[in-house]
Structures are given as structure tokens and as C-alpha cells.
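Report on the following structure.
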Amino acid sequence: MIERDGAQPRVSFAELTKRFGDLVAVDRLSLDLAPGEIFAFLGLNGAGKTTTMKVLVGLLAPSAGCVTVDGMDVARRPEEVKRVLGYVPDEPYLYEKLTAAEFLEFVGTLHRVPLRELPARRDRVLETFGLTAVGNRLIETYSHGMRQRLVYASVFLHEPKVLVVDEPTVGLDPQGMQLVKGEFRRLAAAGATVFLSTHVLPLAEAVAHRIGIIHRGRLLACGSPQELIRSAPGCRTLEEAFLWLVSKAR
């Protein structure tokens, strides 16, 4: 467990609210995430997880409240914030007419990776995710799993200060998931903040320092896996605690 006391939050949600017409998708969310922390969001479908992440990465504007990254308001300074972010959506998009190597070089230039460092970084992430042998093949020839590995390679290329991942297990085989978990831990150990949204409770329990449970846009509970289990009477697993907490919510 990381030590958060005294650390300045890397990501801060201050009374964040997001409405779509009469629907309140995120309801006055206040939450601080520290450097070096892996934080996981759990919730049923429609709970507000993806909406929260899209506001954080600047794809949606807040209806009220704000989100800051390294003290920068995402809504007011989106370009500066995006330079320090890495984002893996649940349905990533790739430029299929590029090779993997070309795509990584393109992403590296967008994030202002120094040109003298870019080839080495490109080669490192291709090797990490088992894509070296196919790095010069067009992405359109890749399987779904290979594409997902390339998405992760592209976000780790520029060593983001904040990594946001919506459903990290989509499209990955067990070996790929093991690689990704190792990179989450490595990035956090280097001082980055990793923010995950997942339905896979064993993944959250295995990698997250803290877990937040969101339901109908509101944060129900937040703590380590062990703290959440202790907070739910009679529960002995994170799954039992999650279901009990959600069932008791109004």
C-alpha cells in the first residue's frame, strides 16, 4: 500500500457532476488520487465509470465541479493535460494503414517524445508487448489481441503521469493481461497514477491500492480491498462485499 499522507494529489475530482438531460450520470464526485497509486473503479453497467473517465481525459465537459491533473483544470487547459495522460478506452481506434512501428512513431511525436529517444522507446514497447516480429506489418493484418497489445504499447511509449484504462482485460489473453498488470505496477512505482475501470473483481483486487465503488453516479465506498470487505457485514470476499454494498444503496 502506498503512503498517501502528505502527498499532493495527482488527480482531483471536486464535486464533479455530469448530466445528460435529466439523467445525472456522475453526481458530485469528490476523490483524490495520489502519485504512485493504482485506483480501480467498480460499478454495475451504467454506474458512471466511463463517463467519469471521459471527463478526466477531456472528451466530455463537466456539468458542474471540476477535475484537475497536476493542478491543471482539465476543462480549461485540455492540451496541457493531455500531454501527461495515457488513455485506453473500451473501444480503441488504430490507423490500420500504418505499421505498428509507424503508429508508435506518430503517437510519440504527438506526445513530444524527443526524436533522439523515440526509436529506442518504440523498440522497447514493441518488445515488451511481444510485437517486435510484426512491428513492420500493417495494423490491418493484426488480430484483435495484437491490436490491443499495440494500444497498450502506444500509451506506455511516452511514460504518462496519469494512465486511464477503461476495461483493461478486453481483447487480452492471459499472457497479455499479465504483461499489462506488470506495466501498471512499474508505472505506479515510478510515480504515475493509474486509474482503472473494470468489471473483473479479481483484477482490481490483485493490482489496486484502493477501490472505489460507484453506483448511480455516486461514490458508495472507497478503500483498500480489505477495508471494503470489512465494511460489509458477513462478507469474506471482494465480490460479496461489492454486491452487498450495491444492494444496500438507494
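The values are calculated or read from the model by the stated rules, or taken from the named source; none is laboratory data. Treat the numbers as computed from the prediction; the structure is a model and nothing was measured. Note: ideal-geometry Cβ built from the backbone for every residue, glycine included; neighbour counts use all protein chains shown.
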Exercise. Of (1) surrounded by 14 or more Cβ atoms within 10 Å (Cβ to Cβ); (2) modelled with pLDDT under 95, I214 satisfies all except one. Which?
Worked result: (2)
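Residues are listed down the side, and each one gets a yes or a no for (1) out of contact with any helix residue (DSSP H, G or I) (no Cβ under 9 Å at 6 or more places or on another chain); (2) surrounded by fewer than 20 Cβ atoms within 10 Å (Cβ to Cβ):
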residue	(1), (2)
L16	no, no
L23	yes, yes
V26	no, no
G43	no, no
D73	no, yes
Exercise. How about the stretch 32-47: which of its residues are over 15 Å from the mean Cα position of the chain (by Cα) and of a type in the set (A, V, I, L, M, F, W, C)?
Worked result: L44, A47
Exercise. Among the residues of the stretch 58-74, which ones are closer than 23 Å to A189 by Cβ and under 17 Å from the mean Cα position of the chain (by Cα)?
Worked result: V69, D70
Exercise. Can you tell me which residues in the stretch 79-104 are hydrophobic (A, V, I, L, M, F, W, C) and either closer than 16 Å to R149 by Cα or part of a strand (DSSP E or B) (or both)?
Worked result: L85, V88, L94, L98, A100, A101, F103, L104
Exercise. What are the pairs, 6+ residues apart or on separate chains, where a residue within the stretch 222-250 that is among the aromatic types (F, W, Y) has its Cβ under 6 Å from a residue that is surrounded by 18 or more Cβ atoms within 10 Å (Cβ to Cβ) and at pLDDT below 95?
Worked result: W244/A232
For this session: Please find, within the stretch 202-217, the residue that is nearest to P174 (Cα to Cα) out of those that are in contact (Cβ under 8 Å) with a residue 40 or more places away in the chain and part of a helix (DSSP H, G or I).
Result: L203
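Name the one entry in G234, G191 that is at positive phi and in contact with a Lys or Arg (Cβ under 9 Å, 6 or more places away or on another chain).
Numbers: G234 fails: in contact with a Lys or Arg (Cβ under 9 Å, 6 or more places away or on another chain).
Answer to the check: G191.
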Exercise. Of the conditions (1) of a type in the set (S, T, Y); (2) over 14 Å from the mean Cα position of the chain (by Cα); (3) assigned to a helix (DSSP H, G or I), T50 fails just one. Which one is it?
Worked result: (2)
Exercise. So L220 fits all but one of (1) surrounded by fewer than 22 Cβ atoms within 10 Å (Cβ to Cβ); (2) assigned to a helix (DSSP H, G or I); (3) among the aliphatic types (A, V, I, L, M); (4) over 19 Å from the mean Cα position of the chain (by Cα); what number is the exception?
Worked result: (2)
For this session: Could you please let me know if V162 is touching a Lys or Arg at 6+ places or on another chain (Cβ under 7 Å), among the hydrophobic types (A, V, I, L, M, F, W, C) and modelled with pLDDT of 95 or more?
Result: yes
For this session: Say whether the condition of being among the small types (G, A, S) and part of a helix (DSSP H, G or I) is met by at least one residue in the stretch 158-175.
Result: no
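Answer yes or no as to whether V107 is not assigned by TED's automatic domain parsing to the domain that holds W244 and not in a strand (DSSP E or B).
yes
Tally time: how many residues in the stretch 109-127 are surrounded by 17 or more Cβ atoms within 10 Å (Cβ to Cβ) and either modelled with pLDDT under 95 or hydrophobic (A, V, I, L, M, F, W, C) (or both)? Quick ask: steps written out before the conclusion?
As a first pass, look at the stretch 109-127 and keep what is surrounded by 17 or more Cβ atoms within 10 Å (Cβ to Cβ): 111, 113, 118, 121-122, 125-126.
Keeping just the survivors that are either modelled with pLDDT under 95 or hydrophobic (A, V, I, L, M, F, W, C) (or both) gives 111, 113, 118, 125-126.
So the count comes out to 5.
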